[in-house]
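Working notes, structure below.
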Amino acid sequence: MAAEDVERWIRGLADEHPDAVADAAARLLERPELSRSRLVELVRAGAPGQQTQWAVRLLARLGDPADVPLLERLVEDGSSSLAWEAAQALGEHPSVEAQEALLRAAKHADPEVAGAAAVALGTRGDEAGRPTLERLLEHPSEAVRFRAVQALGRIGAEASRPKLDAARERESSPDVRRALDDALARPPTGEA
């Protein structure tokens, strides 16, 4: 794959046919030494659209810790159309740096940023996110609390049962209460 091939596959990320997009993504992943810098450029440009969203996803799959600060900046710009995409990318990124970026984002003052981080911590499924998610059960934003409950459910609610029970007692939102009921009703991980 040469530079002109990379450009062809980058253009392919914007194709209207899902099979063509999947093929372009696979080709770019095959040669990260040629494609990564171009994907980073595309994400830095931040143009809204399918092509940039795919570039964000591909950076997560490439898993280079050097890309975490770029993805973290996108998450912290809660108004960006790429903020949620970048949070999910950090949720799928294999590096410890990505986990740390999400833990920082979960403390952000903007509820959109904190909520996106909560969802991504659930995607990671890592126990290291549990204390942060448990703290988010007391967040002033109903949406953040809801997302924290769902994320804890993904990780495994049983280990957080005392915090979830306490949250259930004080929760005023019907939607969050339902999410808490659902999480608390699930059997512990490993049971059917």
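Where a number appears in this text, it was derived from the coordinates with a stated rule and is not lab data. No experiment lies behind these values; they were computed from the predicted model shown. Note: ideal-geometry Cβ built from the backbone for every residue, glycine included; neighbour counts use all protein chains shown.
Cα centroids of segment 130-183 and segment 11-76: how far apart, whole angstrom? Computed from Cα coordinates, the inter-centre distance equals 33 Å. Can you tally the net charge around residue 141? Count Lys and Arg as +1, Asp and Glu as -1, for every other residue whose Cβ sits under 14 Å from the Cβ of residue 141. Surrounding charge for residue 141 is -2. Convex hull volume per residue, computed on the Cα atoms of segment 1-62, equals 68 Å³. For segment 157-171, the Karplus equation 6.51 cos²θ - 1.76 cosθ + 1.60, evaluated at θ = phi - 60°, returns couplings of 6, 4, 5, 9, 3, x, 5, 5, 4, 5, 5, 4, 5, 9, 5 Hz by residue, with Gly and Pro reported as x. Only alpha carbons enter this Debye calculation for segment 1-115, each as an equal point scatterer, and the log10 of I(q)/I(0) it gives at q = 0.19, 0.23 Å⁻¹ is -0.92, -1.23. Remark: C-alpha extents of segment 50-165 on the principal axes read 42, 25, 21 Å, sorted largest to smallest.
Over the chain, Cα pairs under 8 Å with separation of 6+ residues give a relative contact order of 12 percent.
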